[in-house]
Amino acid sequence: MIRPTGPLSGTVPIGGAKNSVLKLMAATLLAEGTFVLRNVPDITDVACMADVLRAMGITVDRSGAGEVTIVRPATDDVVTEAPYELVERMRASTAVLGPLVARFGRARVALPGGDDFGSRPIDLHTRALQRLGATVEIRHGYIEASADRLVGARIELEFPSVGATENALMAAVLAKGTTVIDNAAREPEIADLARFLNRMGAKVLGAGSPTIRVEGADELSPVEHAVIPDRIEAATYLAAVAVAGGEITLTGAQPDHLTMLVHKLGEMGMRIAPEGDGLWASAPRRLRAADVVTLPYPGVATDVKPLLLAVLSVADGVGIVSENIFSGRFRYVDELRRMGADITVEGHHAVVRGQACLSGAPVRAHDIRAGAALAVAALRAEGETVIGDAQHIARGYERFDAKLRALGADVVAEG
Ligand code: UD1
């Protein structure tokens with residue numbers, strides 16, 4: 001439940017990146033022994049990935065604040081299957097596919113279903129594994145993949161898919177010979193995964209650029225690693241101050257990962273600058289509208305789109321947001337409309353006519369970012385906004401309500 005309080009002020013720490021840590025956890029399948037991950041956010045998606053690994057016979061423990069210890073047993077004790085009950089809860093579970101085939105020669109991973117922002121195929125993942133010599137079949141709702149040993153190859157991705165790049169990379173590190181991934185995704189989380197793999201003894205070059213080159217290794221070893229900061233969490237608090245006005249500091253945020261968004265918010269009237277080990281941001285009472293396009297990194301992330309719609313809903317003027325990654329990331333628009341936002345959707349474009357103020361309403365969160373966007377919009381919605389299904393927010397945000405309260409917002413979370 002959120003009530004508007006006017007401009008925000010204060011400091012919040014930015015945690016480890018959800019979209020990085022989930023893949024690092026999957027990558028621990030590649031080597032026997034004890035891994036320690038630091039800067040791990042306390043979010044339910046991490047708990048879900050821990051359940052996926054536990055179902056495979058791996059030990060996962062929170063060993064301290066922000067620290068997770070993972071012990072991967074000997075090969076014979078690993079169950080090479082990710083069951084539907086878990087994959088259905090979290091699509092990122094499919095990141096175990098590449099490491100399982102590479103390390104154990106077989107994998108049985110449930111096909112994820114669709115989700116709230118449209119169809120999300122997995123063909124690029126499976127095609128990449130086939131290029132490396134794996135046999136892949138879809139049977140009874142499961143991807144069944146096998147290979148004696150993967151062999152390095154050239155993989156040309158039709159689209160720079162984050163998930164497909166990660167699965168290809170985690171498979172290639174144990175393949176025999178050289179793999180080149182062309183049109184690879186360039187997200188900072190890919191570079192973090194490559195650093196982790198290289199520390200384990202892999203030879204990955206070019207991660208973070210469109211061409212990744214991998215020299216396959218025979219064996220990898222467990223390591224310790226600190227997860228990079230969550231650029232989407234940082235973007236969320238930037239959106240909060242963009243809507244409510246005020247001045248905030250985000251400690252631990254990485255400005256280099258937010259360049260396009262910072263530029264766009266600057267165009268809208270915000271001032272944002274690196275400060276210490278993070279970011280300082282200030283926003284006037286009302287921003288100017290601007291047009292925004294979501295693109296693969298380094299473009300503005302599709303995950304930020306719901307937040308931008310919330311920002312534009314109360315900006316001065318008309319802004320158009322065009323989505324280029326997922327077809328259906330607009331469902332929460334109806335919820336924002338219930339709060340008085342003036343948004344028209346035409347194909348993959350949303351036209352937003354800014355209002356001076358929204359009006360608090362009961363609304364429903366359909367996914368992580370939609371939930372966060374509704375909370376952000378509520379900061380400038382007269383009266384009270386009650387967000388149903390708010391548990392979605394906890395999938396990706398640690399202490400979301402407490403962090404907003406630290407900035408002066410009036411937020412009460414139940415349950
Ligand atoms: C990841 C992120 C997600 C983010 C997205 C884009 C995680 C857990 N999730 O998702 O938060 O929004 O990157 O930055 O890290 N596609 C295919 N075939 C495939 C795979 C993808 O056609 O096999 C298409 C998708 O339909 C979509 C586009 O490629 O249109 C991008 O998807 P992808 O980059 O794979 O996103 P995810 O890895 O699922």
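Here is the figure for segment 292-301: residues that are closer than 19 Å to residue 17 by Cβ, open to solvent by 10 Å² or more (accessible area, probe 1.4 Å) and among the β-branched types (Val, Ile, Thr) total 1. Note on segment 368-411: residues that are farther than 24 Å from residue 249 by Cβ and surrounded by fewer than 17 Cβ atoms within 10 Å (Cβ to Cβ) amount to 7. Residue 97 fulfils the conditions (1) at pLDDT 95 or above; (2) under 23 Å from the mean Cα position of the chain (by Cα); (3) surrounded by fewer than 17 Cβ atoms within 10 Å (Cβ to Cβ) except for a single criterion, (3).
Residues are listed down the side, and each one gets a yes or a no for (1) farther than 29 Å from residue 88 by Cβ; (2) assigned by TED's automatic domain parsing to the domain that holds residue 264; (3) open to solvent by 70 Å² or more (accessible area, probe 1.4 Å); (4) of a type in the set (Val, Ile, Thr):
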residue	(1), (2), (3), (4)
323	no, yes, no, no
330	no, yes, no, no
333	no, yes, no, yes
341	yes, yes, no, no
347	yes, yes, no, no
359	yes, yes, no, no
366	no, yes, no, no
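All told, residue 163 falls short of being out of contact with any Ser or Thr (no Cβ under 8 Å at 6 or more places or on another chain), open to solvent by 10 Å² or more (accessible area, probe 1.4 Å) and touching a residue at least 12 places away in the same chain (Cβ under 8 Å).
Every residue in segment 63-113 that is over 17 Å from residue 171 (Cα atoms) and among the acidic types (Asp, Glu), please. Those that are over 17 Å from residue 171 (Cα atoms) and among the acidic types (Asp, Glu): 67, 76, 77, 85, 88. Counting residues in segment 314-321 that are open to solvent by 10 Å² or more (accessible area, probe 1.4 Å), more than 16 Å from residue 233 (Cα to Cα) and touching a residue at least 40 places away in the same chain (Cβ under 8 Å) gives zero. Every condition in (1) closer than 18 Å to residue 123 by Cβ; (2) away from the ligand (no atom under 16 Å from the Cβ); (3) crowded, with 24+ Cβ neighbours inside 10 Å holds for residue 175 except the one numbered (1). The residues listed here are 213, 195, 186; of these, the one that is free of Cβ contacts under 8 Å to residues at least 40 places away in the same chain and touching a Gly at 6+ places or on another chain (Cβ under 9 Å) is 213. Residue 33 falls short on exactly one of the conditions (1) surrounded by fewer than 17 Cβ atoms within 10 Å (Cβ to Cβ); (2) under 20 Å from the mean Cα position of the chain (by Cα); (3) at positive phi, and that condition is (2). Counting only residues that are part of a loop (DSSP other than H, G, I, E, B), touching a residue at least 24 places away in the same chain (Cβ under 8 Å) and open to solvent by less than 60 Å² (accessible area, probe 1.4 Å), segment 37-80 holds 10 of them.
One residue is enough: does segment 137-159 have a residue meeting the conditions within 16 Å of the ligand (Cβ to nearest atom), open to solvent by 50 Å² or more (accessible area, probe 1.4 Å) and aliphatic (A, V, I, L, M)? Among the residues of segment 137-159, at least one is within 16 Å of the ligand (Cβ to nearest atom), open to solvent by 50 Å² or more (accessible area, probe 1.4 Å) and aliphatic (A, V, I, L, M), which makes the answer yes. Here residue 24 meets the list (1) more than 13 Å from the ligand (Cβ to nearest atom); (2) touching a residue at least 12 places away in the same chain (Cβ under 8 Å); (3) not in a loop (DSSP other than H, G, I, E, B) almost entirely, failing just condition (1). When residue 64 is tested against (1) over 30 Å from residue 279 (Cβ atoms); (2) small (Gly, Ala, Ser); (3) away from the ligand (no atom under 16 Å from the Cβ), just one condition goes unmet, and that condition is (1).
The values are calculated or read from the model by the stated rules, or taken from the named source; none is laboratory data. None of the values given here were measured: they were computed from a predicted structure. Every residue, glycine as well, gets a Cβ built from its backbone with ideal geometry; the counts of neighbours run over all protein chains shown. All accessible areas refer to the heavy atoms of the entire protein, side chains included, with ligands and DNA or RNA removed. Shrake-Rupley method; radii C 1.70, N 1.55, O 1.52, S 1.80 Å.
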